[in-house]
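Shown next, in structure tokens, is the structure this report addresses.
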Amino acid sequence: MGKKKKKKKLIEQKKQAKKTLIREEILSFNKKNYSLFSAGIISIIVGYLFLSRGSITIAPILLVLGYVILIPISIIIK
């Protein structure tokens with residue numbers, strides 16, 4: 001019976017360590033993430049400014065760059 005209890009305890013410890021590791025991975029934003037996110041926000045703001053002035057070429061490019069490329073990359077990259 002002693003071996004079964006040790007094995008269960010070891011399994012529980014592994015599960016707990018895995019949960020802790022997952023939490024750390026989710027919240028592990030660093031300077032690179034924040035700078036990419038900021039670049040995405042700036043790209044979006046500048047895109048809307050160009051859009052308000054009537055640009056139909058640069059504005060959509062900047063908006064797509066911000067919404068579809070920079071912000072998702074800032075969330076995904078480690």
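Annotations for the structure displayed:
- Packing-based exposure ordering (other Cβ within 10 Å, fewest first) of I77, I44: I77, I44
- Whole-number percent relative contact order across the range 2-76, with pairs defined as alpha carbons under 8 Å at least 6 apart: 32
- Simple Cβ-charge dipole of the range 2-76, Lys/Arg +1 and Asp/Glu -1, about Cα centre, in debye nearest 20: 1400
- Evaluated over the range 2-76, the count of Lys pairs having alpha-carbon atoms less than 27 Å apart is 27 (only pairs 8 or more residues apart or interchain).
- For the range 2-76, the residue among A17, Y34, I75 whose Cα projects farthest onto the positive side of the dipole built from Cβ charges is A17.
- Descending semi-axes in whole angstrom, ellipsoid equivalent of the range 2-76, from the Cα gyration tensor: 48, 10, 6
Throughout, read-outs are computed from the coordinates displayed, never taken from laboratory work. If you're wondering where the values come from, they're calculated on a predicted model, not measured in any experiment. Ideal geometry is used to build each Cβ from the backbone, glycine not excepted, and the neighbour counts take in all protein chains shown.
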